[in-house]
1. Failed condition for residue 13, given (1) at pLDDT 95 or above; (2) surrounded by fewer than 18 Cβ atoms within 10 Å (Cβ to Cβ); (3) of a type outside the set (Val, Ile, Thr); (4) touching a strand residue (DSSP E or B) at 6+ places or on another chain (Cβ under 8 Å), with all others met?
2. Give the residues of the range 54-76 that are under 18 Å from residue 88 (Cβ atoms), among the small types (Gly, Ala, Ser) and surrounded by 14 or more Cβ atoms within 10 Å (Cβ to Cβ), sorted by residue number.
3. For residue 123, are the conditions met, namely being under 12 Å from the mean Cα position of the chain (by Cα) and within 17 Å of residue 19 (Cβ to Cβ)?
4. For residues that are outside any strand (DSSP E or B), exposed (fewer than 15 other Cβ atoms within 10 Å of the Cβ) and either modelled with pLDDT under 95 or of a type in the set (Val, Ile, Thr) (or both), tally how many sit in the range 95-117.
5. Just to be sure before I move on: is residue 15 of a type outside the set (Val, Ile, Thr), under 16 Å from the mean Cα position of the chain (by Cα) and more than 19 Å from residue 109 (Cα to Cα) in the structure I sent?
6. List every residue pair whose Cβ atoms sit under 6 Å apart, with the two residues 6 or more apart in sequence or on different chains, where the first one lies in the range 77-94 and is surrounded by 15 or more Cβ atoms within 10 Å (Cβ to Cβ) and the second, anywhere, is of a type in the set (Ser, Thr, Tyr).
7. Could you please let me know if residue 36 is in contact (Cβ under 8 Å) with a residue 60 or more places away in the chain, surrounded by fewer than 18 Cβ atoms within 10 Å (Cβ to Cβ) and more than 19 Å from residue 128 (Cβ to Cβ)?
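The values are calculated or read from the model by the stated rules, or taken from the named source; none is laboratory data. Here the structure is a predicted model, which is why all the values come from computation and not from measurement. When we count neighbours, we look across all protein chains shown, and the Cβ atoms used for this are built from the backbone with ideal geometry, even at glycine.
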Amino acid sequence: MRGTLTDLVINRKTPVIGICVGMQILAEGSDEGSRPGLGWVPGRVRHFKTMADAEVRVPHMGWNDVSPGAGIGLFAGLEQEARFYFLHSYYFQCADTADAAAEARYGMAFTCAVKRGNVNGVQFHPEKSHHFGARLLKNFAEQ
């Protein structure tokens, strides 16, 4: 299936969004195991305990403010008030900071959304994030 997915997403430019662990598989690899990810967004998924401030509780669970980058279509209309529900122990460390679409804070600033061309990913759960999540999913569907 990987070849077919790569053809659709990378070669044919079909828009895709990875949610939570779906965002994490977009990376090249993870601290969680040795198997490679899809590699569609260069970077690595890191455990929160690898942060400089290892005093955070894992998993990170609850509502957090999200700060989107300028001009990120997924967050259109959410730039001032974006707040989403998180439940995770890992975060995406982008190899290229240009792929970081939004960040949140949990012991440190971390990338909580990625965008590389037609490939999108969010670490939070838009389906559990009330009108903020509904707006984000609507924005994705309309891009």
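1. (4)
2. 67
3. yes
4. Residues in the range 95-117 being outside any strand (DSSP E or B), exposed (fewer than 15 other Cβ atoms within 10 Å of the Cβ) and either modelled with pLDDT under 95 or of a type in the set (Val, Ile, Thr) (or both): 2 in total.
5. yes
6. Close Cβ pairs satisfying both conditions: 84/129; 85/129; 92/111; 94/111.
7. Spelling it out, it is not the case that residue 36 is in contact (Cβ under 8 Å) with a residue 60 or more places away in the chain, surrounded by fewer than 18 Cβ atoms within 10 Å (Cβ to Cβ) and more than 19 Å from residue 128 (Cβ to Cβ).
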